[in-house]
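*Asks:* Shown below is the structure under consideration.
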Amino acid sequence: MTAQRFRFISTIFISTLSVNALALPIDWSGTFGVDSHTISNSCRAEDSSNTPGSQGIDGKCNASFQTYIFKLNPQIIVNDGVTLKGEFSTGHMRGGFAGDNAASNENGPSNNAHFSSTPAQNSTLNVNQMYMELYADTALVKIGRMSKHFGLGIVWDNGEDAWDRFFTMYDGIEAEMKIGNFSFTPYFAKISSTKNDNPTNGPAGGAGSPNGEGDVKEMGLVAKYENKNRDLTVAVLYGKRKSEPYNTLYTRNSDPTTTDLDYQRTNVTIIEPYVSKRWNKFTVAAEASIQTGDYGKVYDANTESKLSANAYVLEASYELNPKWNVGLTLGQVSGDKSGTNKFEATYLNPNYNIADLMFRYNYAAFTTANRGGAFDASVANAQFIRLSGDYKTDKWTWKMAAIMAKAMETAKNGDKSYHHEGNYSFTAAGDQDDDLGVEVDVGFDYRWNPNVTISGYYGYWKVGDYYGFSNTGDDLSVKSIHGGGLRATLDF
């Protein structure tokens, strides 16, 4: 054996010993799940006129799809003062659709003949979160890419529930300081830094040009009082978000008939109070979101709009006995009013769902190109009430709910109005009804074993006349939606 080969083998051996000596304990947790859904009459109301402002959807009005979700959360304890935490996932929305990206070659289906050996997907591993926690005498400091949660999660939601496809992500730093029952958490984050390098020819979205013209930054403070002995929590969040011109986060298409984009400089203040209290078997929690500031050019390229939006949600539950639990949810989420230059609409976090069908899906995405993803939907422009009841046994949980909603704002003849699902403004050619409809949901969870749950649901949504608005003076015929699905979830 030559001296050079001996030195090479010795180096590998010593390196291996060093790695083993420096190995750190890693705790793994996560979620994997698969589901299948079928939805009938997903168009709600059919309309092939393509008239701006119409609520009608044209195309194949039934949807059938299967999805998966995968979240892997490592936790590395470096020492007594530092822990590294993260989250990995695949695909879009921490998962994806069964069979998506079916072409094995992005430039063309070159191997379609070899169907038995061609992979169905080209998937990448996403690093959704990676941050370190520093434990000090005065504060718990987090630095890196992390999720953020506040209150009921109507705006800030950390996506910790098994089937949460979205989460509020911040690249930044925060420091939680506790004094008795009080805590104060100042934070700073950069939400986006991608600049549009070619604003006259669509959103180029260049990763270069890091000169600040594409930055979206936020800073704020969370103050909280938590008394566990009294089951009482009172908190308030104050946040200030600014975006520079030519950022790619707040670009908008104010005219759906063109591809021209308006680029936005925004300056928004958000104040959110939150309170929760438990009395024996009764629990109540409430959160408000008050949003004000400058919101850029919403209606046209020449007019700056002021933001004046709000949302209020109250959740209450009562445990009748160890098996029965009943709940009530009340909410009001502002919509954009007709005939003003202010922008008054609020959109709740997509993870915050009140029904199995209503506000759950972006129904236009099932049939229309360039309308976002199927799950890109939020509760917006609505007053709603939800009554629910859960019945639990050792293995089963049966769920029932009834939801009724109406629109806060509607289109009025001759006024500049806003399409809350399409996110664009239009001039109304008629008056719109405010009835969003009534929905009844039933479902179950079966605990196969401590880590595996089998779930199913069925929902019936009597679609309201709000969705019959065509913006031509003639109302569309609405169709009720019904749908169901099955789901298997592994938590580990």
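*Asks:* Is there a pair in 297/479; 190/306; 281/395; 190/297; 224/297 whose C-alpha atoms are over 28 Å apart, and which pairs would that be?
*Replies:* Where the Cα-Cα span goes over 28 Å, the pairs concerned are 297/479; 224/297.
*Asks:* Checking the cross-link filter: which lysines have an alpha carbon closer than 20 Å to that of residue 71, excluding same-chain neighbours under 8 positions apart?
*Replies:* 85, 148
*Asks:* Compute the distance in nm between two label points, each set 7 Å from the Cα along the Cα-to-Cβ direction, one at residue 98 and one at residue 64.
*Replies:* So the two model labels end up 1.1 nm from each other.
*Asks:* For segment 39-74, list residues with backbone N below 18 Å from a point placed 7 Å from the Cα of residue 160 toward its Cβ?
*Replies:* Flagged as within label range: 71-74.
*Asks:* Let me ask you something else. Along the Cα→Cβ direction, 7 angstrom out, place labels at residue 292 and residue 413. What is the inter-label distance in nm?
*Replies:* Result for the modelled spin labels: 3.7 nm.
*Asks:* Can you tell me the FRET efficiency between residue 249 and residue 36 if r is taken as the Cβ-Cβ distance and R0 is 51 Å, rounded to the nearest 0.05?
*Replies:* 0.95
*Asks:* Give me the net charge of residue 30's neighbourhood, meaning all other residues with Cβ under 15 Å from the Cβ of residue 30; Lys, Arg count +1, Asp, Glu -1.
*Replies:* Value of the local net charge: -2.
*Asks:* Could you pull out every one of the lysines with an alpha carbon less than 17 Å from that of residue 412, ignoring same-chain neighbours closer than 8 positions?
*Replies:* Candidates past the 8-residue exclusion: 337, 342.
*Asks:* With a Förster radius of 51 Å, plug the Cβ-Cβ distance of residue 341 and residue 488 into 1/(1 + (r/R0)^6) and report the FRET value to the nearest 0.05.
*Replies:* The formula returns an efficiency of 0.55 here.
*Asks:* For residue 278, put the label point 7 Å out on the Cα→Cβ axis and report which residues of segment 301-330 keep their amide N under 18 Å from it.
*Replies:* So the set is 315-328.
*Asks:* Give, in nm to one decimal, the length gained when the segment between residue 332 and residue 451 is fully stretched (0.36 nm per residue of separation minus the Cα-Cα distance).
*Replies:* Full extension of this stretch gives 39.2 nm more.
*Asks:* Set the Förster distance to 30 Å, then compute FRET efficiency between residue 368 and residue 480 from the Cβ-Cβ distance, nearest 0.05.
*Replies:* The computed FRET efficiency comes out at 0.90.
*Asks:* Run the simple label-point estimate for residue 138 and residue 177 please: 7 Å along Cα→C-beta, distance reported in nm.
*Replies:* With each label placed 7 Å out from Cα toward Cβ, I get 0.6 nm.
FYI, it's all coordinate maths here, none of it is from the lab. Every value quoted in this text rests on a predicted model; they were computed, and no experiment measured them. Here Cβ is always computed from backbone atoms with ideal geometry, including for glycine, and neighbour counts include all displayed protein chains.
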